[in-house]
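All remarks here apply to the structure that follows.
The values are calculated or read from the model by the stated rules, or taken from the named source; none is laboratory data. For clarity, every value in this text was computed on a predicted model and none was experimentally measured. Heads up, the Cβs are rebuilt from the backbone with ideal geometry, glycines too, and the neighbour counts pull from every protein chain shown.
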Amino acid sequence: MVDILIDWLVALLQTLAFVVLAPLFASLVKRVKCRLQNRRPPPWLQPYRDLRKLFGKQVLLAETASPLFRLAPYIVFAVTVMAASVVPLFAVDLPTAATADAIVLVGFFAFSRVFLALAGMDVGTAFGGMGASREMLVGALAEPALLMVIFTLAMVASSTNLSTVVTALLHQGVILRPSLLFALLALLLVAIAETGRIPVDNPATHLELTMIHEAMVLEYTARQLALIEWAAQLKLTLYAVLIANTFFPWGIAEDIAPLSLLRGMAAVVLKLALLGMLLAIAETVVAKMRLFRVPGFLALALVLALLGMLSYNVLEVT
Amino acid sequence: MAALFLTLLIPLVAAIALAFVGGRPWARHLNAYACLGGLLASLWLAWSVLEGGPVGGDGSEFYVDAFSVYLLALTALVGWTTAIFSGPYMANEEAHGRVTPHRMRLYHASFQGFLLAMQLAQSTNNLGILWVAMEGATLATVLLVSLYRTPQSVEAAWKYFILCGVGIAQALFGTVLVYFAAAKVLPDPELGLLWSVLNRHAAQLDPVTMALAFVFLLVGYGTKVGLVPLHNWLPDAHSEGPTPMSAVLSGLLLNVALYALVRVKMLVDGALAAAGGHPPQLAGYLMMGFGLLSFLVASLYIHRQRDIKRLFSYSSIEHMGLMTFAFGVGGPLATFGALLHMTVHSLTKSAIFITVGHASQIARTQAIEQIRGLIQTQPAVGWGLAIGTAVIAGFPPFGVFTSEFLLLSATMQSWPWLTLPLLVGMVVALAGLLRHLQPMVYGSAPEGQRAVSANMWPVALHLALVLWLGLAIPGFLSHWFDQATQLIAGKGLL
Amino acid sequence: MDLARLSLQEQAIVALAALILFTSFALLAQSRLLAIVKTFAWQGALVALTTALVGYATRSPHLYVSALITLALKALFVPWLLYRLIHRFKLLREQETLVHSGTVLLLGTALVIFSYHVALPIEQLAQSSTRPVIAVSLAQVLLGMLMLITRGKAVSQVVGFMAIENGLFFAAVAATHGMPMIVELGAAFDVLVAAVIFGVFFFHIRDSIDSLDVDQLHRLSETE
């Protein structure tokens, strides 16, 4: 009984850590980018201050806004938190692992995207509609690639359960798997597109005509904006953890002994820090591409994911 | 062995020499003499093979048996007569400013290089070298197709290069597969591509791999044979290149590609027959199918042609289809017929192209509609074209009739129903050829059409040989064919 | 076959094969001529590296020679030649207009699946640890053909042609650890001559149609 309770406690702790630490990850990326571009970085806790400030403000609603517009931020945030609860952060085999299905995770992402797009169109401004349409374009192309990556992982590990996948990859020994290489590359591209980073979208500005995410949420204020921003940071962290823990699972805790949990936390912090720095470097050296080239970018992701799947079948199991 | 090396050495030396002096006026005589030397060497080789059995084999990189030696001799013969024809023909082209001495150098060197590649392909024992030689033949001729540098000829050459290159690549893949199958049977990998060794161990080769290899080899060498639907390069390359080139392409290159195909078919048949389970005649069926398709499609296309060289290149596709079909049918009778048909087709088709070259020089065009009244202007050329066409269409008493008759009776024996499409195809092709031929040779010549200096005796020689083969195949020749038939079909006809 | 049972070199060979397959797709997707040539050079280098690795894993020293020839020919000489010609004809910024690029890529994956099925019976026979690579080499040949079919510029057609050659060579290495030396030398010689003739052809084509757009070569047709 106590064991089960502790299990649940750790699972809860894990989700909570996700939600709380997500702004910190965004802050890390921003700070490294500032350093690379010779700017003075904002303080570490700036995202939290922003969120606090936004939560304290008064909500301003457009006259044309429907209840959906008001509801959307809560749905988006809640769904993203639920998605966070299924991704193993520092421990596997927690009670939430039973629901940790990768396809469900994709479903969560799609769900929140749909509501975000609906909200973007709801007010009826030009930017909102444009942003929504672009977001759906990106989503429609990125999702198949993401699913393909997940299928590759599922074939390698014989399961779509994220927790099982991570365990299986942890125990496979030193193997050069071309399928995983391709899947990793594809997932990186998908993550960049889905979280609206350069070169697909620029998170630092809402003054560009080609913006995607910012155009959709242009009408939000105060706590609604805060929730959406927070959800976006959470999504970025989610993708980062997904990449870090599935493809580089070393160090993750396999039981809930305090020592291994601590080791798991240290490992994931290290991995995320590395990944965040990589992202910052990539965003610094790569220029944003024109919107018309985004489908090509995502087609590359799709082909990579397909190649991953094919090379698993052709090269690894015959 | 000495005869064999001489056969290969003469074109090699000639190609290198002509690469330097090919532009001189006397180079064309050198070209012809080199070909004559090659012919004599190959006849010596043929005699020694007939007397003493196969040359080379087993561990050797060379292997010449009755099948290849007869093609070697044929290649040398047609090469020689074409070289004789090419002398005055190319001089005429040079006089009209269509080629420069610089390009004549390229032309002569490529001509000998092509002959070298052909002879190498037919004398090597190594399937890999066979491939290299086939690719070499493409490389040697591709710049000849674009010799006139007109946009059309450049296009034809590019098409030829790309299509044949891609096709031959498939053949290499097939060769790799054969080597792969052999590596499992033979201890020494260095022997794994030698045909004579493979043939001895054919029964042990893995049937699935060999069947797959044959599909790739059929596509690869079939492109060179001109099998439909891989034939697109052939009419273009024939019509845009200089006429001697068309003659050797049609008369020799297609033969050698078919030779390569038959060689690998023998291996595949051996592997499949021993294995059981698979259709043992898979290779034969495939060849029959592609051959029949090419035969029928080409005989229909003959009707639509407006260019005289394209007309006869489709006729070549038709006849190559027929031979492929016959080799596919297998059995002594069909094989004997196919070997005979290879010979008479080579002789006749090169004779026709030589005549066509003169005809188009007379009319200054290759368009059928503007070639008129050849008999009136220059009876030798007119009659040459008329007789040559009649021969290729299968009129008795010429050799083509004999071989086609043999093929038909062989088909009647084993596949009675397929005789019908064969007959229909022959009639359709005949009608197509005669329809175009009649106004070209008869009728009144246009004003100002003058005779050109033409050397018609290669044509006469070829047609006389074909007539001889039609009336009575001389004993030594039929013995020779029979030896080749024994090699391919397992037992002789006589 | 379980990948885990292979030695590290063999795993590296399999991974390299996958990378080579990727370069084939990259060739299909590229539109800038210069990028195509560069990708092709990388492919040649990868093939050479794989050859050397196979030679090391199977202790067949003659593969080192083949690897060297491949490196010199496919990764250095041919790309250099094409690069020179691109410079010469001022095609540096030239782009190919790709029609149905998405469909072509999907067709490419279909070809990979097809070659996998074709190669399956052969692979089952192979004792070699690198046998899955056979399917990749066949796929590479077919992808090269696809590139030849879908491209209209002479340069990209040449690259497609040479990519087919790469695939064939790779097939020989993967299936049988290379062909007898004399055949490989002959094939390399053919490639060399072909490359030179291609170069000559560029001048002819440019002279005759004032561009290297092979799609404009359509004077010859059946129905005139």
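Regarding C:Gly108, is this residue under 22 Å from C:Lys38 (Cβ atoms), within 13 Å of chain A (Cβ to nearest Cβ) and modelled with pLDDT of 80 or more? Yes; evaluated as a whole, the condition is true for this residue.
All conditions but one from (1) under 21 Å from B:Leu130 (Cβ atoms); (2) more than 10 Å from every other protein chain (Cβ to nearest Cβ) apply to C:Ile164; the one that does not is (2). Assessment of the range B:320-341 against the conditions (buried (at least 24 other Cβ atoms within 10 Å of the Cβ), within 18 Å of B:Thr243 (Cβ to Cβ) and modelled with pLDDT of 90 or more) yields no matching residue. For the range C:131-138, does any single residue satisfy the condition of being surrounded by 15 or more Cβ atoms within 10 Å (Cβ to Cβ), part of a helix (DSSP H, G or I) and of a type in the set (Ser, Thr, Tyr)? The answer is yes, given that some residue of the range C:131-138 is surrounded by 15 or more Cβ atoms within 10 Å (Cβ to Cβ), part of a helix (DSSP H, G or I) and of a type in the set (Ser, Thr, Tyr). Of the residues B:Ser409, B:Ser360, B:Ser350, only one is part of a helix (DSSP H, G or I) and modelled with pLDDT under 90; which? None of the other options fit; the residue is B:Ser360. Picking from residues in the range B:217-239 that are within 11 Å of chain C (Cβ to nearest Cβ) and more than 14 Å from B:Leu258 (Cα to Cα), the one that is surrounded by the fewest Cβ atoms within 10 Å (Cβ to Cβ) is B:Asn232.
A single entry from A:Ser311, A:Ser260 fulfils the requirement of being over 20 Å from the mean Cα position of the chain (by Cα) and within 14 Å of chain C (Cβ to nearest Cβ): A:Ser311. Candidates C:Ala29, C:Ala15: the one that is within 14 Å of chain A (Cβ to nearest Cβ), within 25 Å of A:Met309 (Cα to Cα), without any contact (Cβ under 8 Å) to a residue 40 or more places away in the chain and of a type outside the set (Asp, Glu) is C:Ala15.
Filter the range B:14-38 down to the residues that are aromatic (Phe, Trp, Tyr) and assigned to a helix (DSSP H, G or I), then identify the one that is farthest from B:Phe85 (Cα to Cα). So the residue we want is B:Phe20. Residue count for the range A:140-199 under the criterion of being within 24 Å of A:Asp93 (Cα to Cα), without any contact (Cβ under 8 Å) to a residue 40 or more places away in the chain and either within 14 Å of another protein chain (Cβ to nearest Cβ) or aromatic (Phe, Trp, Tyr) (or both): the result is 8. For the range C:19-55, filtering for residues that are in a helix (DSSP H, G or I) and touching a strand residue (DSSP E or B) at 6+ places or on another chain (Cβ under 7 Å) leaves 1. Using the structure shown, decide if C:Gln157 is part of a helix (DSSP H, G or I), within 7 Å of chain B (Cβ to nearest Cβ) and modelled with pLDDT of 85 or more. So C:Gln157 fits the description; yes.
Tell me, yes or no, whether the range B:243-266 has at least one residue that is in contact (Cβ under 8 Å) with a residue 60 or more places away in the chain, in a loop (DSSP other than H, G, I, E, B), farther than 23 Å from B:Tyr70 by Cα and of a type outside the set (A, V, I, L, M, F, W, C). Checked the range B:243-266: no residue is in contact (Cβ under 8 Å) with a residue 60 or more places away in the chain, in a loop (DSSP other than H, G, I, E, B), farther than 23 Å from B:Tyr70 by Cα and of a type outside the set (A, V, I, L, M, F, W, C). Can you name the residue in the range A:170-208 that is among the β-branched types (Val, Ile, Thr) and modelled with pLDDT of 80 or more and is also surrounded by the most Cβ atoms within 10 Å (Cβ to Cβ) among such residues? Result: A:Val190.
Residues in the range B:333-362 that are among the hydrophobic types (A, V, I, L, M, F, W, C), more than 24 Å from the chain's Cα centre (by Cα) and within 17 Å of B:Glu240 (Cβ to Cβ): there are none.
Just to be sure, is A:Ala72 under 17 Å from A:Ala215 (Cβ atoms) and in a loop (DSSP other than H, G, I, E, B)? Taking the combined requirement at face value, the residue does not satisfy it. For the residues B:Ala273, B:Ala283, the requirement of being part of a helix (DSSP H, G or I), modelled with pLDDT under 90 and farther than 16 Å from B:Leu322 by Cα singles out B:Ala273. No other residue among B:Ala73, B:Ala41 is of a type in the set (A, V, I, L, M, F, W, C), assigned to a helix (DSSP H, G or I), under 19 Å from the mean Cα position of the chain (by Cα) and more than 21 Å from B:Val197 (Cα to Cα) apart from B:Ala73. Consider B:Val166 carefully, then state whether it is modelled with pLDDT of 85 or more, surrounded by 23 or more Cβ atoms within 10 Å (Cβ to Cβ) and among the aliphatic types (A, V, I, L, M). No: the conditions fail for B:Val166. The residues on offer are A:Gly296, A:Gly276, and the sole one that is within 14 Å of chain C (Cβ to nearest Cβ) and within 29 Å of C:Phe22 (Cβ to Cβ) is A:Gly296.
Conditions (1) within 18 Å of the chain's Cα centre (by Cα); (2) closer than 23 Å to B:Asn125 by Cβ; (3) at pLDDT 80 or above; (4) within 7 Å of another protein chain (Cβ to nearest Cβ), marked per residue:
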position	(1), (2), (3), (4)
C:Ala171	yes, yes, yes, yes
C:Ala188	yes, yes, yes, no
C:Leu192	yes, no, yes, no
C:Phe201	no, no, yes, yes
C:His204	no, no, yes, yes
C:Ser208	no, no, no, yes
C:Asp213	no, no, no, no
C:His218	no, no, no, no
C:Ser221	no, no, no, no
